[in-house]
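Below: the structure, in C-alpha cells.
Readers should treat all values here as calculations from the given coordinates under stated rules, not as data from a laboratory. Quick caveat, the model's predicted, so the values are computed rather than measured. Counting neighbours? That spans all protein chains shown, and the Cβs are built from the backbone with ideal geometry, glycine included.
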Amino acid sequence: MRPPPVMILAGGASRRMGGGDKGLRMLAGRPLVAHVIDRIAPQCDDLAINTNGAAADFAGFGLPLLPDVIPDRPGPLAGVLTAMDWALQGGHTHVATVPGDTPFLPGDLIPQLMLAAEASATTPVLAQSGGRVHPVAGLWPVALRDALAQALATGTRRMTDWTAQAGATAVPFPDTTPDAFFNVNTPEDLATAEAAIG
C-alpha cells in the first residue's frame, strides 16, 4: 500500500471549549493544530485540514483546507467522508484521519495503521489505547465512500455505530503519560496538556 494521505479533522463546533475553532487555541505558545501537524507531517506525503471555519484563519499552516462535503456539521463522520473524497481525487485506495485536538499522537501512528490494514484492506483500522478505541484516528478504505455517504444520508452520526457496521478492527498502542490520544475538549484539558508539555 502506498502511504495514504492524512486529513486532520478540525471541523467541529467546539461547544465544550466555548465555541470557535478549537484547533487555533494556543498550547505552549502555538496553535493546538500545529502540534498535530508536527506529529503527523513526518508520517505522510500529503496532509490537509478539514475545517468549517474561516479559511484565512488556517491559511498560515500552508495546507489544503477542505470544509465538510455535507452541510450543518453533522460530526466527524462528515470529516471522514470529506477525507475519502479528497483521497479519491488523488487516486488513493485509503485515507487516514486524525483529530485536530490530539497534540501527543504517536510518531508511528500511520505506519502501524498501514501494517494492520494489510490484514484487513477492505475495512477501517482504528487506533486503540488504554482499552479505548479512538475512531477518529483511523485508516479508511475509500471503497467505503458510498456506504458512508448513505449512512450519513439516513441519519447515522455516531462514529462507533458506523465503524461497527463497517467491520472496523483496532490497533493497540502502548499506554503512555499523557495518553497519546488525549483529546483537548475543554479549557481544563488545555491546561492539562500545557502542564504535560511544559
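Across the range 38-105, the mean sequence separation of Cα contacts (distance under 8 Å, 6 or more residues apart), normalised by length, yields a relative contact order of 27 percent.
Peptides 65-73, 30-38 ranked from most to least packed give 30-38, 65-73, packing being the mean of other C-beta atoms within 10 angstrom over each peptide's residues. Going from the fewest other Cβ atoms within 10 Å to the most, the residues 7, 114, 1, 84 appear in the order 1, 114, 84, 7. By the helix-only formula, in which each DSSP H run with n ≥ 4 contributes -39500 (n - 2.57) and the sum is divided by residues, the chain has a 222 nm mean residue ellipticity of -9000 deg cm²/dmol.
Where both bridge residues fall in the chain, DSSP classifies roughly 45% of the beta bridges as antiparallel. Could you compute the net charge surrounding residue 29? Neighbours are other residues with a C-beta less than 14 Å from the C-beta of residue 29; K and R count +1, D and E count -1. Taking every other residue near residue 29 into account, the sum is 0. Put simply, when 50-62, 93-105 are sorted by average Cβ atoms within 10 angstrom per residue, most first, you get 93-105, 50-62. Placing unit charges on the Cβ atoms of the charged side chains and taking the dipole of the range 6-197 about its Cα centre, the candidate lying farthest along the positive direction among 131, 156, 78 is 156.
For residue 65, the shell of other residues with beta-carbons less than 13 Å away shows a net charge of -3, using +1 for Lys and Arg and -1 for Asp and Glu.
In a simple Cβ point-charge model (Lys, Arg +1; Asp, Glu -1; nothing else charged), the range 1-95 has a dipole of about 360 debye relative to its Cα centre. Note on the range 72-114 and the range 116-131: Cα centroid distance 13 Å, given to the nearest whole angstrom.
Summary value for the range 97-181: 41 percent relative contact order, contacts being C-alpha pairs under 8 angstrom separated by 6+ residues. Residues whose amide H lies under 5 Å from that of residue 21, counting only those 5 or more places away or on a different chain, are absent; hydrogens are built 1.01 Å from N in the peptide plane.
If you take all other residues with their beta carbon under 10 Å from the beta carbon of residue 130, and give Lys and Arg +1 and Asp and Glu -1, the sum is -1.
In percent, rounded to a whole number, the relative contact order of the chain is 24, using alpha-carbon pairs under 8 Å and six or more apart.
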